[in-house]
1. Loop only by DSSP, 11 or fewer other Cβ within 10 Å of the Cβ. Give me the chymotrypsin sites (Phe, Trp or Tyr not before Pro) in region 1-78 that pass, ordered by residue number.
2. Dipole of region 1-128 (Lys/Arg Cβ +1, Asp/Glu Cβ -1, origin at the Cα centre): which of Ala2, Ala25, Leu56 lies farthest to the positive side?
3. Only Lys, Arg, Asp and Glu count, each charged at its Cβ (+1, +1, -1, -1), so figure out the dipole size of region 179-323 about its Cα centre, rounded to 20 debye.
4. Output needed: percent of Cα pairs per 10 Å distance bin for the chain, bins running from 0 to the one holding the longest distance.
5. Given a 1.4 Å probe and every protein chain left where it sits, what share in percent of the accessible area of the chain is carbon and sulfur?
6. Can you show me the helix-derived [θ] at 222 nm for the chain, built from DSSP H runs with n ≥ 4 at -39,500 (n - 2.57) apiece and divided by the number of residues, rounded to the nearest 500.
7. Once label points are set 7 Å from the Cα along Cα→Cβ at both Arg39 and Asp243, what is their separation, rounded to one decimal in nm?
8. Who wins for biggest fluctuation among Ala62, Ala115, Ala260 in a Gaussian network model of the chain, springs between alpha carbons below 10 Å?
Amino acid sequence: MARLVEGAIDFHVHPPWWMRDVRRACEHLARVEERAGFRTFVVIAFDGDEDLLDRLKPQDIARAAMESSDLLAYALHLPWLSRAVIEPEKEVERLREELKIHRRRPQEIVACLEATKGRGLPVISYNPSIGPERFADIVRRLEGRILGVKIYPTFHFTPPDHPSLHHVYRAVEDIGGLVIVHTGCDPGLWELPPLCRHARPSLVRRAARTFQDLTFIIAHLGAYSALKPGIFFDEALKALEDDNIYADTSAVDPLYVEKAVKEVGSEKLLFGSDYPYVQGLDVDSAAGEIEALGLEFSHLENIFRRNAEKVLSRHWRRNDAAL
Ligand SMILES: [Zn+2]
């Protein structure tokens, strides 16, 4: 499959959770990406221990549901969400199992680089249970083998500008990497807007202003939300005014991508497929949706290749000796 833009780069993809062996999962990704016309791709891990969910107290869930009652009243298309709100303990138990299924430890995900013959660039996930200082040590030890770190303010219960993360950001800066931050809501109970309040682009911007040598990527353009699509989109556009902030198009309704190009241009946008996490979309169809917007070719070149090349030339310092 040839893409409109040659040499396209997918900046947001995950190892399929149903293949527990990370090497197999990443070999699969390499095939999927190749078939869709992508040579290089950024493989993002999720990590988090079950004890994180102890922070999700039934009374907080009840309060978040109350505050979202106007939205929930119209969320008949999301029956699982009402179930989760009615039986929060059961939902938290289910989420414990989900965390086990989806998590990939840093030591695990780095194997992706070799398994994909250097085409899949690993991004490890922060894990608050490890503690920021110990996690910073892990980052330093993986120099030359990872592109950077992903923060999930929702699942990690940590706003991206939290001082504890400064240890982590400093380590990423030391190894020349970048930081990707999930923004918007997230599946499960994190669809309730009060529970995704940490995942705001304005908070990414605060961190980016403290760490100006680091590049921060706002995943999902702040728009991801089943109850309130486009929830923090305007904040994401404002944050893109800063030089060291980019955003990816993963799991974003293409209409928001079009709107972003119209309002702030295409110099800060990176294509991301979010494969295999968006139901009904694979790498090819995610790319096809954006190609079909009818944007000028120069915008497509920016989104699919040029911006990614610029970011990677600055932050991807592969160390073959470390392989
Ligand atoms: Zn993702």
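1. Sites meeting the loop and neighbour criteria: Trp18, Tyr74.
2. It is Ala2, whose Cα lies furthest towards the positive end.
3. 600 debye
4. Reading upward from the zero bin: 6, 28, 37, 24, 5, 0.
5. Heavy-atom surface of the chain belonging to carbon and sulfur, 1.4 Å probe: 50 percent.
6. Value at 222 nm, helices only, nearest 500: -11500 deg cm²/dmol.
7. 2.9 nm
8. Per the Cα network of the chain with a 10 Å cutoff, Ala62 tops the list.
The values are calculated or read from the model by the stated rules, or taken from the named source; none is laboratory data. This is a predicted model, so every value here is computed, not measured. Here Cβ is always computed from backbone atoms with ideal geometry, including for glycine, and neighbour counts include all displayed protein chains. Surface accessibility is based on the protein's heavy atoms, side chains included, excluding ligands, DNA and RNA. Shrake-Rupley method; radii C 1.70, N 1.55, O 1.52, S 1.80 Å.
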